Amino acid sequence: MDKDIQILLIPDVHGRNFWKGPVKETLENTNAKIVFLGDYLDVYLREFVKIYGYKLDVYTQENWDKIYKLWDDTVAMFEEIIELKRQYPDRITLLVGNHDCGYAVGTKVCEVRRDNRNARKICKLFDDNWELFKLADEARIADKHFIFSHAGINKTYAERCFEDVNEDNVVSLFNEAWLENNWGIMNSLGQYSDFRGWGGGDYGSLVWADAREWFQEQYMSDVRNEAYGYAVVGHTHINKAHFEENMAFIDTADAYYIDSNGDIKKYYDNKNEDTEEEETNDE
């Protein structure tokens, strides 16, 4: 392999298989670690029309059978990812996203599209494998302190969750809260901003923060749209990865990797993306 991979990055899966080739190649040909940024389930139906041959808004049993198969296949893929984590516990990190928390924590955290057909099974998968998941992760490469989470850790949000929180301990504090199933922190995960729907707050949690929050001039003087370290996030789907001085937005249904210089590159074309096309607001 000619790629200088230190960490392979897998953004929101949502039942897609774009991650399989890069993960297999990375495990077989490198010693690199792999970070999944969460949201393994709850497919976008419109993306799978051609693959599964169903028609949107056609309510026949034949059509529903195809949709059921899609949902079932997505759960099987999630089980495959969990098994990979068990096989490579020190190399693979599984973060949780807002959709995952809708099953693991409760619908109060995420009430958007949901696989009700398999919900009990999915909830049990999280319950039985709770210790395999995290809210955040970190790595220091070159001169950058990378902090990985599904949507980004807003400093104001973190400071309202913990006392004496800073860049050096924010990851461990959130992960300890996850392992302890801390009620206060679990409940806070459902916080979202107005960018994600009417009735939201000024900022979202680390599984709900919308990409636009980081660029919005705040109308609340006590809210800081700042992240810790160099934040790498998924969550807000965009057509091309977007890079800022201290943030990378990579929810493009493509794998990326961090090289030994601390640069983030797209796995299959080895080019940095530096422009962003139209984003979508799908949850």
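Taken together, the values in this text are just the output of simple stated rules run on the coordinates, not laboratory data. On a predicted model such as this, the values are computed, not experimentally measured, just so you know. Don't worry about glycine lacking a Cβ; one is built from the backbone with ideal geometry, like all the others, and counts go over all protein chains shown.
Results, tabulated for the structure shown:
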| read-out | value |
| --- | --- |
| Residue ID - nearest to MET186 (Cα to Cα), chosen from residues in segment 69-119 that are buried (at least 16 other Cβ atoms within 10 Å of the Cβ) and of a type in the set (Phe, Trp, Tyr) | TYR103 |
| Failed item, numbered, when ASN17 is tested on (1) closer than 23 Å to ILE147 by Cβ; (2) assigned to a loop (DSSP other than H, G, I, E, B) | (1) |
| Selection count, segment 161-184, where residues are of a type in the set (Val, Ile, Thr) and either without any contact (Cβ under 8 Å) to a residue 12 or more places away in the chain or out of contact with any Asp or Glu (no Cβ under 9 Å at 6 or more places or on another chain) (or both) | 1 |
| Subset of segment 120-152 (residues that are in a loop (DSSP other than H, G, I, E, B) and either within 17 Å of the chain's Cα centre (by Cα) or buried (at least 19 other Cβ atoms within 10 Å of the Cβ) (or both)) | LEU135, HIS150, ALA151, GLY152 |
| Filter pass, CYS101 being closer than 22 Å to ALA227 by Cβ and part of a helix (DSSP H, G or I) | yes |
| Filtered residues of segment 182-200 (kept if within 13 Å of VAL109 (Cβ to Cβ) and either of a type in the set (A, V, I, L, M, F, W, C) or part of a loop (DSSP other than H, G, I, E, B) (or both)) | TRP183, ILE185, MET186, LEU189, GLY190, GLN191, TYR192 |
| In segment 52-75, the residues that are without any contact (Cβ under 8 Å) to a residue 12 or more places away in the chain and more than 15 Å from ASN116 (Cα to Cα) | LYS55, LEU56, ASP57, VAL58, TYR59, THR60, GLN61, GLU62, ASN63 |
| Qualifying residue in segment 31-48 (condition: among the hydroxyl-bearing types (Ser, Thr, Tyr), surrounded by 15 or more Cβ atoms within 10 Å (Cβ to Cβ) and under 30 Å from ASN182 (Cα atoms)) | yes |
